[in-house]
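The values are calculated or read from the model by the stated rules, or taken from the named source; none is laboratory data. All values derive from a computational prediction rather than experimental measurement. Counting neighbours? That spans all protein chains shown, and the Cβs are built from the backbone with ideal geometry, glycine included. In case anyone asks, the SASA skips ligands and DNA or RNA and just uses the protein heavy atoms, side chains included. Shrake-Rupley method; radii C 1.70, N 1.55, O 1.52, S 1.80 Å.
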Amino acid sequence: MLQIDFDAVVFQEGGTYIAYSPKLDVSSCGKTIEEARKNLKTAVRLFIEEAAKMGTLEDVLKEAGYEPKESNYWLAPRIVATELMHLEA
């Protein structure tokens, strides 16, 4: 069984929460933060399963910046900071 970690960013659009994994470029949504997170995990699992079926999983993960560490474990690139910034031009 493959083990993979991924960063997720959750933001709100109207009454919907969007959960997004930037490195995997996978997103999902929900009516609550927890529902969006749960749905993102499902979306990532399906994405990984489909890439594995197509034989492209290793290429997809390497392109996303992941590094193989142990058997069936990939080390994720990490988001180290997020912040809301403001600019007046």
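Below is a table of values for the structure above.
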{"item": "Charge dipole of the chain about the Cα centre (unit charges at C-beta), most positive-ward option of T42, F11, A64", "result": "T42"}
{"item": "C-alpha center-to-center spacing [region 73-89, region 1-46] in angstrom", "result": "16 Å"}
{"item": "The chain, accessible area per residue, ligands and nucleic acids excluded (1.4 Å, Å²)", "result": "76 Å²"}
{"item": "Portion, in percent, of the accessible area of the chain that falls on carbon or sulfur, probe 1.4 Å", "result": "52 percent"}
{"item": "By average C-beta atoms within 10 angstrom, highest first, the peptides 22-32, 63-73", "result": "22-32, 63-73"}
{"item": "Degrees separating the helix 33-54 axis from the principal Cα axis of the chain, which is the longest one", "result": "30 degrees"}
